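What follows is a short report on a single structure.
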Amino acid sequence: MRFMMEGFSLLLEDKNYRPVVLNKFSTEGSMSLTSQVLACEDWLQRHTLIDDFEGEVSIIYDSSPALFVPKSLFSEKDTSLYLEPLANIPAHEYIRHKEIKGRPIVLVYSVSSLLTSLTEKFSGPVRIIPAPEVMLSMAEQVNAADHQRGFMLIETQPGLLNILMIKEDGIVLSNQITLNGSSDLIYHTLNAIQQLGFDRKNRPIFYAGLTNEEEMTILQNYVRTLTPLG
């Protein structure tokens, strides 16, 4: 399940990871997380996918504040302080952290009580995955040579742009930006390239998510390599 600004999407796979159900539930404009969770739970209940479901459950929440912290600087007692510059975290939200396998970093993120309430309704284990962790997972599809030379990964969802930049197999940039217009994706991508001195003529850019073909065509004029991922 993935909760976005205007709704949620749901992917159900069988034991061989073949898609069985892929559906998107959305409205015009933004949709509150409360409405999303209630609508999602209602759909799952009507299709007996809560009480009778046996398998792995993953929930992605795009708007969850999240931040990578170097492991050497991380302190568990200060987890809430790391997110203060990003957003005002309500008292009823939970601050969690997890070490990223194979990397000397810790991901600190908040989880809404609405999502934790939903997870408790399943009998099996449920993972809540922040957007930066999704980006890192997608980045693993890129070959090792590009991890060393450097590359950029952008993922678009309605109203949101996620950017991940890797160089020498280290995270140079991980950011999430709100999109307000059709040209924002191009502007923010090129701005990140310029600000970080990214070699757009020799380093590849990969993209994923709900992309707009016209925007990708325009962006292609400014970079040498723009490749869909996944």
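In nm², what is the average projected area of the convex hull enclosing the Cα atoms of the chain?
13.6 nm²
At each listed q (0.13, 0.27, 0.28 Å⁻¹), what is the log10 of I(q)/I(0) that the Debye formula gives for the range 66-110 modelled as equal alpha-carbon point scatterers?
Evaluating at q = 0.13, 0.27, 0.28 Å⁻¹ gives log10 I(q)/I(0) of -0.26, -0.97, -1.03.
Using helices alone, I'd like the mean residue ellipticity at 222 nm for the chain: each DSSP H run of four-plus residues gives -39500 (n - 2.57), total over residue count, nearest 500. Could the numbers behind the result be given before it?
Details: 7 runs with 61 residues, N = 230.
That calculation yields -7500 deg cm²/dmol at 222 nm.
Can you tell me which of 6-18, 117-129 comes out highest on packing, and rank the rest after it, using the mean Cβ neighbours within 10 Å? Kindly include the intermediate steps, with their values, before the conclusion.
Values: 6-18: 12.8, 117-129: 14.4.
Packing proxy ranking, top to bottom: 117-129, 6-18.
Using the per-residue mean of other Cβ atoms lying within 10 Å as a proxy for protection, in what order, highest first, do the peptides 36-45, 157-166, 190-199 fall? Walk me through the numbers before you get to the answer.
Values: 36-45: 16.5, 157-166: 20.1, 190-199: 14.0.
The packing order, highest mean first, is 157-166, 36-45, 190-199.
When the chain is treated as a GNM, springs tying every alpha-carbon pair under 10 Å, which of His147, His47, His97 comes out with the largest mean-square fluctuation?
Highest fluctuation of the listed residues: His47.
Given the options Glu28, Glu84, Glu93, state which has the largest fluctuation in a GNM of the chain using a 10 Å cut-off (strictly under) for Cα springs.
Glu28
Quick one, could you list the DSSP H helices from the chain stretching 18 Å or more along their long axis (Cα atoms) with average Kyte-Doolittle hydropathy of -1.0 or above?
33-46
Pull up the cross-link candidates among the aspartates and glutamates for Lys101, meaning alpha carbon to alpha carbon under 20 Å and not fewer than 8 places away within one chain.
Of all the aspartates and glutamates, those that pass the test against Lys101 - Cα under 20 Å, at least 8 places apart if same chain - are Glu56, Glu76, Glu133, Glu140, Asp146, Glu168, Asp169.
Among Tyr222, Tyr109, what is the fewest-to-most ranking by other Cβ atoms within 10 Å?
Values: Tyr222 14, Tyr109 26.
Going from sparsest to densest Cβ surroundings: Tyr222, Tyr109.
In cubic angstrom, how much convex hull volume per residue do the alpha carbon atoms of the range 137-228 span? It would help to have the intermediate numbers written out before the result.
Working: hull volume 7.9 nm³, N = 92.
Taking only Cα atoms, the range 137-228 has a hull volume of 86 Å³ per residue.
Quick check: residue separation of Glu6 and Asp169 times 0.36 nm, minus the Cα distance between them. What number comes out in nm?
On the way: separation 163, 0.36 × 163 = 58.68 nm, distance 3.39 nm.
Gain on stretching Glu6 to Asp169: 55.3 nm.
Modelled label-to-label distance, Phe53 and Glu140, 7 Å Cα→beta-carbon offset: nm?
2.2 nm
Would you mind checking the pairs Lys15/Lys167; Lys24/Lys201; Lys15/Lys71; Lys15/Lys77; Lys98/Lys167 and listing those with alpha carbons more than 32 angstrom apart? Please list the in-between numbers first.
Numbers: Lys15/Lys167 36 Å; Lys24/Lys201 36 Å; Lys15/Lys71 35 Å; Lys15/Lys77 40 Å; Lys98/Lys167 22 Å.
Table pairs above 32 Å Cα-Cα are Lys15/Lys167; Lys24/Lys201; Lys15/Lys71; Lys15/Lys77.
Only the coordinates and a few stated rules stand behind these numbers; no lab work does. Predicted model only: the values in this text are computed from it and were never measured. Every residue, glycine as well, gets a Cβ built from its backbone with ideal geometry; the counts of neighbours run over all protein chains shown.
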